[in-house]
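Any read-out appearing in this document is the output of simple, stated calculations on the displayed coordinates, not a laboratory observation. All values reported here derive from a predicted model rather than from experimental measurement. No Cβ is skipped: glycine too gets one built from the backbone with ideal geometry, and neighbour counts run over all protein chains shown.
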Amino acid sequence: MRRVGPLFMMDRMTTQLSPVPVRATGSRSPFVRLRELIDPFQPGMSPISLAVGEPQHPIPSFVGPVIAKHVAEFGRYPANKGLDEFGKAVADWVGRRFKLERPLDPANEVLVLNGTREGLFLAALAAVNWVTPRQGAPAVLIPNPFYAAYAAGAIGAHCEPVYLPTTRQTGFLPDLDALSDELLARTVAFYLASPANPQGAVAGLDYLKKLTAMARRFGFMIFSDECYCEIYSEHAPHGMLEAAGPDFANVAIFHSLSKRSSLPGLRIGFAAGDRSYMQAYLELRNVAAPMVPTPMQHVAIAAYDDEKHVEENRRLYREKFDLADQIIGDRYGYKRPAGGFFLWLDVSAQGGSEAATLKLWREAGLRVVPGRYLAREQDDGSNPGSDYIRVAMVQNNEITAEALHRLVGVLS
């Protein structure tokens, strides 16, 4: 049986592990490390940032009017769970977007988030007391490279972060067949991003079903980060709830308007899935998480009810990847990603991720992220990102074309 009781009074069994030192896990921000690498040097040309995955497209036209209409609501505390109307808008959108065996229950299976960063972090803290006692030191499984909030959540929950290499050989997704029963028996949660950040790999439905079966057999949670699912060139990616059956057991999905609607500053998203876990998650959030202002939730309601701006957003990214196809071609192992808005370029021939990043800054004024900073060393000393750079395709077409020409000119 799953544990019950006040989630915010941490069970002694789950907190006997000593805190994992942040430095020891290498969990410093990749952007802090990037500044330390390039800031001592002047850019060789006028700077262009392709480092941060911050959408630059115009925000939807309805944002301002919706906030103005509900501005008086800034004068009241919002409920941590979110507006009923927000839950319904999310459930309706998820039902339209994905092929579910039944609709989500907005009252019990949807929670509003302040974006997904804090949501993904707190999710692990909730999971550690939701699962039954683990057989060994509690672990959280993380794709490597990964979004930094995953590791922060594992560390905050006093779990061992176990990094699963995602390489070209594994299709840039964790190799599920490589996971031992011993590891799975002590697993608290498994973070998965599809489309993947940074490689853009998309998990097929069979893969998602296989992972779901593992979670149910061993009793751990799947945290499916689907923030990039609306940015794709051809086929809409599957979602984890499509593989979760009618009860959504052991699954929680995380979505944000940052990428879908080019609203990174709105700081709003949602979590949805397993009813019993969502109740435990809400209990923690009631005492540990900031509430989401209701005017922002009304903007989200409008955003989830409108697909035109999403289609336009997708068209703009498609144009930028058309430029990458033309300018980069088959250099650096480039292949148009199935989803997301990053290039994951192999620069092993240019000295590896840090050397190429520094060269691009000093000679071309381009700010990119070394793949080594987005990943962690494996037990054998290898780092799945050490031969790559991540390039965020967030600028307009003119700047993107200029940046890609500079990149090729320097690296070639």
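A compact table of results
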quantity	calculated
GNM result for the chain, Cα springs below 10 Å: residue of L173, L183, L343 fluctuating most strongly	L183
Radius, Kirkwood style, for segment 41-134 when every pair of distinct Cα atoms is counted (Å)	17.8
Environment charge of F218, counting only residues whose C-beta is closer than 11 Å and scoring Lys/Arg +1, Asp/Glu -1	+2
P(r) histogram, all alpha-carbon pairs of segment 95-134 included - 10 Å bins from 0, percent	22, 36, 38, 4
Candidates A349, A178, A91, ranked by Gaussian network fluctuation over the chain, Cα under 10 Å, top entry	A178
Among Q378, S412, Q395 - extreme Cα towards positive end, dipole of segment 349-412, charges at beta-carbon	Q395
Computed magnitude of the charge dipole of the chain (debye, nearest 20; Cβ of K, R +1, Cβ of D, E -1)	540
Electrostatic dipole magnitude of segment 240-336 [Cβ: Lys, Arg +1; Asp, Glu -1; Cα centre; debye, to 20]	360
Choice from A271, A68, A401 showing the highest fluctuation, given a GNM over the chain with Cα pairs closer than 10 Å	A68
Alpha carbon Rg of segment 256-383, scaled by the compact-globule rule 2.2 N^0.38 Å	1.44
Listed residue pairs exceeding 27 Å between alpha carbons, taken from K81/K210; K99/K308; K209/K320	K81/K210; K209/K320
